[in-house]
1. What whole-number distance in Å separates the alpha-carbon centres of region 374-406 and region 233-284?
2. Considering the dipole of region 312-392 built from charges on the beta carbon (Lys and Arg +1, Asp and Glu -1) around the Cα centre, which of 335, 315, 385 is farthest to its positive end?
3. Can you divide the C-alpha Rg of the chain by 2.2 N^0.38 Å and report the result to two decimal places?
4. Once you place label points 7 Å from the Cα toward the Cβ at residue 259 and residue 151, how far apart are they in nm?
5. How large a share of the accessible area of the chain, in percent, is made up of carbon and sulfur atoms when the probe is 1.4 Å and the other protein chains stay in place?
6. On full extension of the chain, what length is gained from residue 479 through residue 123, given 0.36 nm per residue of separation minus the C-alpha to C-alpha distance?
7. State in Å² the accessible area per residue of the chain; use a 1.4 Å probe, count heavy atoms of protein chains only, and round to the nearest integer.
8. How much length is gained if the chain between residue 237 and residue 23 is pulled fully straight, taking 0.36 nm per residue apart and subtracting their Cα-Cα distance, in nm to one decimal?
Amino acid sequence: MTFVQARQADPSAPVADAAAAEDFRRFPEGFLWGSATSAYQIEGAANEDGRSASIWDTFCGTPGKVHRGDTGAVAADHYHRWREDVALMRDMGLNAYRFSIAWPRVQPTGRGPAVERGLDFYRRLVDDLLEAGITPLATLYHWDLPQDLEDIGGWPRRDTAQRFADYALLTGRALGDRVSHWTTLNEPWCSAFLGYASGVHAPGRTDAGDALRAAHHLNLAHGLGAAALRDVLPRTARLSVALNLHQVRALTGEPEDLEAARRIDAVGNRIFLGPMLRGAYDPDLLQDTAHLVDWDDLVRPGDLEAAAAPIDELGINYYTPAVVSAGGGVRDDAHGGGDHSPWPGAEDVAFHQPPGELTAMRWSIDATGLRDLIDRVHQDHPDLPVVITENGMACEDYRSPEGEVNDTDRIAYLHQHLGAVHQAIEAGVPVSGYFAWSLLDNFEWAYGYAKRFGLVYVDFPSQCRTPKASAHWYARAIRRNGIDRLP
Ligand code: FCB
């Protein structure tokens, strides 16, 4: 019975029902309700079935790089517990799951034939997901470059882009019969600028010129990888890339602060959006960074056409906005701090923490940032659907003696951000899905196991999983295909 019928049938019920209908935010049919993970953060089994070391294994083994010396060697032991994890997803009612494939499992040295045992793990996982009615979305690269490729130069080396395209081809061929949604790279900004400029991520190098070279080769890798996938995937396959776009806000309307915001937008957003979606680097970006890299030498004929290989949707990862002003050189603590800036050509821009609530990462909570980002992308690329490939929050979660994890802050965060997504949809933006980061508590990069982002609590010593209150809240949203209006 619809709400309107209810009103006609029972004059006492209508007010409540109509109000309830008005307060309910329904998502479109077929909306993907997902959660996301990545290989190094959850799989563990670092030395099994032929997997070789990635840059993250090496980085974790380097004293002082990761909180308390934590590593992803065991992580959430998903490599052995994947059945249980798929069952958790099924119980939650997820209809989509975003995971990443570990390059060092598939091609341990970053070149040569694929290791079938490595691929078999993903075949089993995907088959189980499909059986549970969960659409798999596979990301090819979530930061775990085979160490052998770093040893000969890593992302600043041009050939790494070609290596990635070969890996994409092998993987697409092996899994293309069962995976329909593919993402080339996760957050190339982090790979380039946290990995090679600030050095707070693997491989921990600190050379701004190399970071810019890495960024260009990641653009190229994305395009070559997308083209390779198209060659081997069915025509119905959907390709994307997941960018951590920065919602940049100037602290004041003063020209110097607006200029600071422009610089961060250039090297934070447009450095990837430009080549990938338009086949061009913006002149202001090239100018800001001309003293760090010889762009004419770096960008070879055909590179930009290759980088702009068509995609079917753009993945947006969003957590917090960035508030910036000129001068001051305040460290960018939201991106790990560190003595070296992750912003080549914009090193002197100051970062500010806006007033208001913070997550356990000390990231400010602001769902309007997500709304603004989606609008911006839509305005610039009206024909390109978007998908929210990551969004979520770290909380100081603990399990009560009764065995419950009552993460009400995370529920509020998810509610607000899903509200922002719904507003964008209502305004006409094609948003195809939302992937909560993360399914499980996991290895949070340089923070080790100190930060918990999961919908499911993981007690790492026992590997026992407990769905948090947020998992139950999310399950209800999925069941209803919608959320209540925000309070
Ligand atoms: C994103 C990463 C993801 C996770 C979240 C918190 O930048 O893609 O792996 O670490 O942040």
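1. Using only Cα atoms, the two centres lie 20 Å from each other.
2. 335
3. It is 0.95.
4. 4.7 nm
5. Values: 9280 of 18670 Å².
Of all accessible area on the chain, carbon and sulfur atoms account for 50 percent.
6. Working: separation 356, 0.36 × 356 = 128.16 nm, distance 2.78 nm.
That pair, residue 479 and residue 123, stretches by 125.4 nm at full extension.
7. Details: 18670 Å² over 487 residues.
Solvent-accessible surface per residue comes out at 38 Å².
8. Working: separation 214, 0.36 × 214 = 77.04 nm, distance 3.61 nm.
Extending this stretch completely gives an extra 73.4 nm.
The values are calculated or read from the model by the stated rules, or taken from the named source; none is laboratory data. The structure presented is a predicted model; accordingly, all values stated were derived computationally and were not measured. All Cβ positions, glycine included, derive from the backbone under ideal geometry; neighbour counts span all protein chains shown. The protein model used for the area step is the full one, side chains on, heavy atoms only, and it has no ligands, DNA or RNA in it. Shrake-Rupley method; radii C 1.70, N 1.55, O 1.52, S 1.80 Å.
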